[in-house]
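What follows is a single structure, written as structure tokens, with notes after it.
Any read-out appearing in this document is the output of simple, stated calculations on the displayed coordinates, not a laboratory observation. The structure presented is a predicted model; accordingly, all values stated were derived computationally and were not measured. All Cβ positions, even for glycine, are placed from backbone atoms using ideal geometry, and neighbour counts span all protein chains on display.
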């Protein structure tokens, strides 16, 4: 005798909602005008600096996170299909 599985499917999480991030490119040539404008618009001037190589690494890391999420999604879909009752033909 086969016993039917009764595993309820869970609601998928809502999609992520990301906020905009503003990047400023500051060089020796535009530093003074940038500093003046930035302080006027935002207050105190603080720097977070990344080298070009580190920026590329950040991009590669984001790609790796996306790959992981996509693979997790495929696993979830596989198990959802596995527990969905099959229609008899």
Stokes-Einstein D in µm²/s, Kirkwood radius over Cα pairs - the stretch 2-59 at 25 °C with 0.890 mPa s viscosity: 149 µm²/s
Rounded to 10°, Cα long-axis angle of helix 52-83 versus longest principal axis of the chain: 20 degrees
Nearest 10 degrees, 0 to 90: helix 31-42 Cα axis against the chain principal axis: 60 degrees
Residue 63-residue 50 pseudo-label distance in nm [points 7 Å out on the Cα-to-Cβ vector]: 1.4 nm
P(r), alpha carbons of the stretch 31-83 - 5 Å bins starting at zero, rounded %: 4, 16, 11, 10, 10, 11, 10, 8, 7, 6, 4, 3, 0
